[in-house]
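Heads up: the structure comes next, in structure tokens.
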Amino acid sequence: MTRPTRHRSTLATALAATLAATLLAGAAPARAATPAELLAGYSAQAGAPAVPARGQAFFTSRQGQEWSCASCHAALPTQAGKHASTGKPIAALAPAFNPERFTDPAKVEKWFRRNCKDVAARECTPAEKADVLAWLIGLKP
């Protein structure tokens, strides 16, 4: 009788370890529903707390490409911006000014991936995402 119990215990331990590893490896932001939950997930992936001032610097400065994030989202993303190339309007990015922002994890990842490639010619790191998001969350009316 000890053998099946030990097997179940080993299996349960292995499943728990796999779940924990999956969450730490990046699945946490995919389950988030609020900007704060996304921030917590990116900070966990980065292994360090976010630094809002570093996020502001990243957002407003060029990262080796022609555009910065502010080129389309405005230097103070509490207001609407417009796409630098197409002129298409872009709603305010700061969550306090646009409650729909950073509520759909799939959209957040899609836009970080796309925009980081435009701005930095690469995907942003979890630390960069956390820093930018922390700054944006801190912008209040």
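The figures follow:
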| read-out | value |
| --- | --- |
| Convex hull volume of region 26-138 per residue (C-alpha atoms, cubic angstrom) | 88 |
| Sequence-distant residues sharing a close amide H with LYS82 (under 5 Å, placed H) | ALA74, ILE90 |
| Filter on LYS107/LYS129; LYS107/LYS140; LYS82/LYS110; LYS88/LYS110 - keep pairs with C-alpha separation over 20 Å | LYS107/LYS140 |
| Local electrostatic count, ALA92, Cβ distance below 15 Å [Lys/Arg +1, Asp/Glu -1] | +3 |
| Theoretical gain in end-to-end length, ALA46 to THR103 [0.36 nm per residue, Cα-Cα removed] | 18.5 nm |
| Distance in nm between pseudo-label sites at ARG54 and LYS117 (7 Å out along the Cβ direction from Cα) | 2.5 |
| Pair ALA96, ALA80: separation of 7 Å Cα→Cβ label points (nm) | 2.2 |
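Computed from the coordinates by the stated procedures, all read-outs in this text should not be read as laboratory data. Note that the structure is predicted; figures quoted are calculated from it, not measured. Cβ: placed from backbone, ideal geometry, glycine included. Neighbour counts: every protein chain shown.
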